[in-house]
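We did not get these values from a lab; they are worked out from the coordinates using the rules stated. Note that the structure is predicted; figures quoted are calculated from it, not measured. Please note: Cβ atoms are built from the backbone with ideal geometry, for glycine as well, and neighbour counts cover all protein chains shown.
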Amino acid sequence: MLFSRNVVNLLLLMTKSVDGKPTGEVIPDFSDEIIDAATLTHGGSRRTPEGKK
């Protein structure tokens, strides 16, 4: 249950919301350190520490 709660919270953090309600559109904000660290790929390129160099 803890894992599923963490996944839900991460997905809510990565989705766009309008008036506090999620729209389902994924728009990662890479200035957020949690999203930046959790995202492995984006737009066809690697976002791992090796890929960010």
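Things worth noting here:
- Which listed residue is on the phi < 0 side of the Ramachandran plot, among the hydrophobic types (A, V, I, L, M, F, W, C) and more than 13 Å from the chain's Cα centre (by Cα), from Val18, Val8: Val18
- Residues of the range 7-36 that are of a type outside the set (A, V, I, L, M), within 18 Å of Thr48 (Cα to Cα) and surrounded by 12 or more Cβ atoms within 10 Å (Cβ to Cβ): Pro28, Asp32, Asp36.
- Evaluation of Asp36 against the conditions (1) in a strand (DSSP E or B); (2) touching a Lys or Arg at 6+ places or on another chain (Cβ under 8 Å); (3) not aromatic (Phe, Trp, Tyr) shows that the sole unmet condition is (1).
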